[in-house]
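Contents: one structure, followed by commentary.
What follows is calculated from the coordinates using simple rules that are stated; it is not laboratory data. Quick caveat, the model's predicted, so the values are computed rather than measured. All Cβ positions, glycine included, derive from the backbone under ideal geometry; neighbour counts span all protein chains shown.
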Amino acid sequence: MIVLGIDPGTANTGFGVVQRRGSRLVALDGGVITTRPEAPPQIRLANIHRRVSELLDEHKVSVLSMEDVYFGRNVSSALAVGQARGVVMLAAGQRRLPCVSYTPQQIKYAVCGAGRAEKDQVGRMVQMLLSLESPPRPDHAADALAIAICHLNGAPHAAAVAESMMVPEQADEEIQVFRNDGSRGPVAGSGDEGRRGPITGTGDLPATSPPDE
């Protein structure tokens, strides 16, 4: 199973691709999708959607795993995260891929065994579980890898749940429209919009990025 973990954000979206090989977890790719702060919101979201789509295609991802929206101190920040989550889910939906979410506490517990673990502890545990030379950087990439590990550490239960969430090809929603003659007919979406060619993953986990907004 190959899982794409996503730590969503409009300014910085962390991603981590992890594969289970027998009893081992292997990091295939990781990094941060950054957007220009001066760009219009719709352009920033389109760029996130495009890059996530490329990652899904390049790594032949089985499941997309994300962090739940945390409505804490900053409501506007939570709204921006929700928008980023939406375009990420769209990329998964266009490929009929299951998309699952976990709370920050669930992710920390799955990786560290404690729901209140600090960020540096999460990074060290991700390093150990994935046999990396050093803790992954920046934090958004480390968090995304932890989100992927969270799903894989929940297998086979998580895998069964994800399988049950897969959308069959014939499940495209039909929109009934009224014609001038009084009859009705469906308009079905193809669900193939937004596909792009693959990118070459650098796997350069220690890359740096500007701070999140």
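Less than 5 angstrom separates the built amide H of Ala114 from those of Tyr109, all sequence-distant by 5 or more or on a different chain. Residues whose amide H falls under 5 Å from that of Gly30, counting only those 5 or more places apart or on a different chain, are Val17, Gly203, Asp204, with hydrogens built in the peptide plane.
Ordering of 113-121, 49-57 by packing is 49-57, 113-121, highest average first (other Cβ atoms within 10 Å, averaged per residue). Computed from label points 7 Å out along Cα-Cβ, the spacing between Ala39 and Arg116 is 3.9 nm.
Region 93-128 and region 11-82 have Cα centres separated by 13 Å. From least to most packed, judged by other beta carbons within 10 angstrom and beginning with the fewest, Tyr109, Tyr102, Tyr70 follow the order Tyr70, Tyr109, Tyr102. Converting phi to 3J(HN,Hα) with the Karplus coefficients 6.51, -1.76 and 1.60 and the offset θ = phi - 60°, region 93-104 yields x, 5, 10, 6, 9, x, 10, 10, 10, 9, 6, x Hz in sequence order, with x at every glycine or proline. For Ser101, nonlocal amide neighbours, meaning residues 5 or more places apart or on other chains whose placed amide H falls under 5 Å from its own, are Met66.
With +1 assigned to the C-beta of every Lys and Arg and -1 to the C-beta of every Asp and Glu, and no other charges, what is the dipole magnitude of region 1-139 about the Cα centre in debye, to the nearest 20? It would help to have the intermediate numbers written out before the result.
Working: 17 positive and 12 negative charges, 45 e Å.
About 220 debye.
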